[in-house]
Structures are given as C-alpha cells and as structure tokens.
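Comments concern the structure below.
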Amino acid sequence: MTTTPTGRSRLWLLPTLSGYQRSWIGRDVLAGISAGAVVVPQAMAYATIANLPVQAGLYTCIVPMIVYALLGGSRAMSVSTTSTIATLTATTLVSAGVVSGSDDIPRDLVTLTLLVGAILGVARLLRLGSLVEIINKPTLLGIQVGVGATVALGQLPKLLGVSETTTGSGFIRSFVAVVEAVPQANLATVLLSVGSVATLFIVKRFAPRIPGPLIVVVAGILLSAFAGLPDAGVDRIAPVTQGVPLPALPSFQHILALIPGAFAIAVMAFLETTAVARGIRDAGDRAIDNNQELLADAAANLVGGFFQTLPAAGGFSQSAVNRAAGARSQISGLVTAALALLVGLWLGPVVSLLPQATLASLVFVAVFGLIDVRSLGLLWRISRRDFAVAIVTMTVGLVAGLLQAVVVGVVLTLILLLSALNRPRIRVLSPTEEQLDVTLLAPLYTGSTLGTEQAILQAVDAAPGTHRVTLDCSVLREISVTVIDGLRDLDRELAGRGIALTLTGFAPAVLAVLERTDWFQTLRETGRAA
C-alpha cells in the first residue's frame, strides 16, 4: 500500500475494490458480459490482422484481462488488444521474417509480448510514467490515421473473398493486393461483407448499447452452418482449438529483429491504456496514476506472453461499453475473462464456422473510426504546425511503415518539446533609466541557457544608458555546471560593456552549489549576489 500526494492510501493489489459496495456486484456482472460481447469477437478479429490464429485473440481476452483486474487503477478499463497494437504486431512479425498463418501460434509471438512487457517493466522501475505526457495529440492522431487506413485497406481482399493478409506489409502492398483481388471477388462473400459492415455501422449509429459485433458474429455462424455459404465459396476461419491458454516458451531465433517493434508497441500500448483510462474516468473516481498503469500493463504482457497472447493494452470501444453498462470495478473484467474462457472451452467448434469475411468486417468497421478526418480539419483551423505534425506522421506510416511512423512521431514530439523548452522566458522591467530588472520565468537547463543569455543582452542593447542589471533567479531550484558557466559568461559580457550584474533570489540548495565556485565568491565579496 502506498500513499498518494493527497494523503489517501492506494492499494497496489485490486485497487478498484477500494470502497466497494455489495450493491454494485449486479452492475459489474452485467457490464462484464456486455463488454465480453464486444471484446471477444473483436479480439479474435484483431488476431487475423497479424495472420495469427483466432485463439491468440481469444487468449488475449483472458490472461491480460485478469492481470489488469488485479493491478490496474481504472474501474471500467477493458484490456485485451487493439487495432493499433495488432497492426504493429503484424508489422513487427513481418519485418522480423516470422512466418505465421498456420493453425499454431508461433513462439515468436511469445517472445514479442514478453519483450513488450519487459520494456514496460523497466519503464515502471525507472518511474517513467510521466513521460507519456510529452506525446502530443497530433502525433497520436497521425499514427492512428495511418493505422486505420492501412488496416482498412488490408481487410478489403478478405471482404472480397480473397484469403490474403497484407496489413503487416504496409499500405502500398495492401493497395496492390486490393487491385489484384477485385477480379477474383466472390459474389456471396461480397454480399455477406456488405451486409455485415452495414449492420455494424447502423447499430453503432442508432443503437450503440446493442453489441453489434456479437450480432454479426452470430448471424455469420448461422448463415455458414445453415445457408450453405461454404458451398458458395465463402471461406471460413481456421479451426479454433478448444481449451485454455497453456504456457509456452519463447523463441530466440528472431529476438534481435523483434526488439525495435517491441519498443514501438510498448509506447503505443501505454499511450492507449492511459488515454482510455482517463477518457472513461468518472468524476469522483481516483485519479489515474501513470506509474500504476505502467505496472499493470507490464504485468499483463509479461504474464500474458507466456500464455501466447498478443501484446495487450486498454481498448476504447469495449471499455466504453463496459462503462456504459455501469461497471464499478474490475470485477467486470474478471467476468469478461470468464466469458472468453467459456468460449475457448466449449464453443471452439461453433466459432470455427465463422466466415473470414465476418471477422474482416469487424476489423474494417473498428479501424474505420481511426481515420478521423474531423480532427484533422480541427487541427488545420487551430494550428497549422500541429496539422503538419499529424500529416507527416500519417504519411510516414502510409509510405514507410507503421513502426517508422511511431519513431518519427516520438522524434517530432521531442523536437517540439525541446524547441519550447529552449525558448527564453524572461520578464524585463526598467525601474530607472540606468537599471534593468530581469526575472527568469522558467528554470534554466543546458539547452536554454545560451538563448536566455542572448535575450538578456538584447534587452540591454534596447535600453541605452543601462549601468546595472539585476537578475532574479528565484525560479531556479537546482543548477548545473553548464548553467553556472552561462551566468559567468553573462557577467563577463555585461562587464565588457561597463554594466554590473547582480544576482538575487537563489534557493538554499542552489546557493550551496554556487558558493563552491571562485566566480560566485567574488560576486559575494563585491555585493553583487544576494
């Protein structure tokens, strides 16, 4: 148990059960079933993005869901996998040369998920949860649009009746595959796809509380079993293995090639989890602790990896359903996991009747919402710079690949952050014709010291006749050798112009460092340091 800044204790195990009331159990059970009706078919569909057996998606609804329920801080979060994570998984496996698509889950998936968990675990040990705040919305929007366009296009061959998965090969390869698939389109598959997609959009638009994915999956199974769809050339998914997720050992054959993708997946998994946790948080709920979410994400992937799951993260659609159904704690997540386990134990032969086009329809509609043209238009109206960041990230994702898009997005974010931090922040007042009072409005660090020095010299140049500059440094709470050198250079530059520099407002900890230098001791002796 730890203590939050407000003084309230925070449980590290089952934190969402703190203050739990017995009357909430009914709502949690209903919410868990409602979320399961969405997340189970969706997760199986997302597994096909990476050309993995659908049971990999099913297992991701069980193990990570249970682990997050034990450690996660969001009451209504539903953790399995997402379209973004599944797409990055596909890209990583393809880039590493991993061959998938058989009825068996490749051991390289175990390796990848464990790597993601290990990276998140190291980030938690270093308490890097606050770093999520530096990834801005335009960067995420660009990545999401790239993912949405790539995955949606990659599903079109299956919607046309051509069994080919190209998502992991990028947007251009997917476009070529669509062109090649059109002449081979199967009419029955196309009709099923159109009906499934239309149903999902209509239910989502006019009856959002109804589990559209469940309706489409049940309809697809019934049509496949009793309407002779296989005889009409409609392909079914690969047979689903009955049973529970069993432990498996990782493969080290492609481990080095998997590491870059694992970093990208870890970044996006944490970003999505924290974004969803905050987005569905109700007023009065405990504040979301980024480091707590890091711990939960890391554990969900480390444990889930050994049970052959996809990398896990919080998903918005199922979490929104969970919250709308009244979830009050992660008991709802345990109910969803139990539902997925029942499907794995007894409904494998039934699920195996599902047409591939039905799963492709689920993926297509789920990722279509990521192509957020409205938000791009809003960025264009508000900030052309942010719009450019989103477009650059999106373009890299479409042309070079989604892993590269994540890297470029993070680099762009860091460049913008450093640009903002390096901008001088000072206030200049002139109480007399011979004196300038300058106040630092932000702490100095290596990147901002020179710019701040130049800004002060420019202010002096703009005030002829100045003989004294008083610099208020009360904003500084720590100081480095580089900053000390910068202040010494400023003193020397001003002295060369016949201007005396006085430094004031230092905190005791800063003074203790400064007094170790001969330069500052000289300032003290001449009365120019207070």
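Every number here is computed from the coordinates shown, using simple stated rules; none is lab data. Every value quoted in this text rests on a predicted model; they were computed, and no experiment measured them. Cβ placement follows ideal geometry from the backbone for every residue including glycine, while neighbour counts extend to all protein chains displayed.
Sequence gap at least 6, Cα distance under 8 Å: using those rules, report the relative contact order of the chain to the nearest whole percent.
Details: 989 pairs, mean separation 131.2, N = 530.
Relative CO of the chain lands at 25 percent.
Would you mind checking the tilt of helix 481-496 against the longest principal axis of the Cα atoms of the chain, expressed as 0 to 90 degrees and rounded to 10?
That helix lies at roughly 40 degrees to the long axis.
Gap in Å between the Cα centre of the range 46-76 and the Cα centre of the range 269-321?
11 Å
Using the Cα centre as the reference, give the magnitude of the dipole from point charges on the C-beta atoms of the chain (Lys, Arg: +1; Asp, Glu: -1; all else neutral), rounded to the nearest 20 debye.
On the way: 35 positive and 31 negative charges, 243 e Å.
For this selection, approximately 1160 debye.
Given (i) 24.8, 73; (ii) 28.3, 97; (iii) 30.6, 107 as candidate values of Rg and Dmax of the Cα atoms in Å, which corresponds to the one derived from the coordinates?
Correct label, based on the coordinates given: (ii).
Divide by every residue of the chain the summed helix terms, -39500 (n - 2.57) for each DSSP H run of at least 4, and state the resulting mean residue ellipticity at 222 nm, rounded to the nearest 500 deg cm²/dmol.
Working: 22 runs with 321 residues, N = 530.
-19500 deg cm²/dmol, from helical runs alone.
Once you put a point 7 Å from the Cα of residue 251 and another 7 Å from the Cα of residue 507, both along the Cβ direction, what distance in nm separates them?
Taking the two extended label points, one gets 5.3 nm.
Per residue, how much space in cubic angstrom lies within the convex hull of the C-alpha atoms of the range 426-525?
Details: hull volume 9.0 nm³, N = 100.
So the per-residue hull volume is 90 Å³.
Tell me the net charge near residue 364. Cut-off is 14 Å between Cβ atoms, residue 364 excluded, with +1 for each Lys or Arg and -1 for each Asp or Glu. Don't jump to the answer; show the numbers that get you there.
Numbers: positive: 158, 204; negative: none.
That sum, taken over residues with Cβ under 14 Å, equals +2.
Between beta-carbons, use under 13 Å as the cut-off and find the net charge around residue 21, counting Lys and Arg +1, Asp and Glu -1.
Values: positive: 22, 27, 75, 328; negative: 28.
Value of the local net charge: +3.
Please give the net charge around residue 80, taking every other residue with its beta carbon less than 14 angstrom from that of residue 80, where Lys and Arg add +1 and Asp and Glu add -1.
With Lys, Arg at +1 and Asp, Glu at -1, the net is -2.
Under 5 Å between amide hydrogens, which residues at least 5 positions from residue 500 or on another chain qualify, with H placed 1.01 Å from N in the peptide plane?
Answer set, sorted by chain and number: 468, 469.
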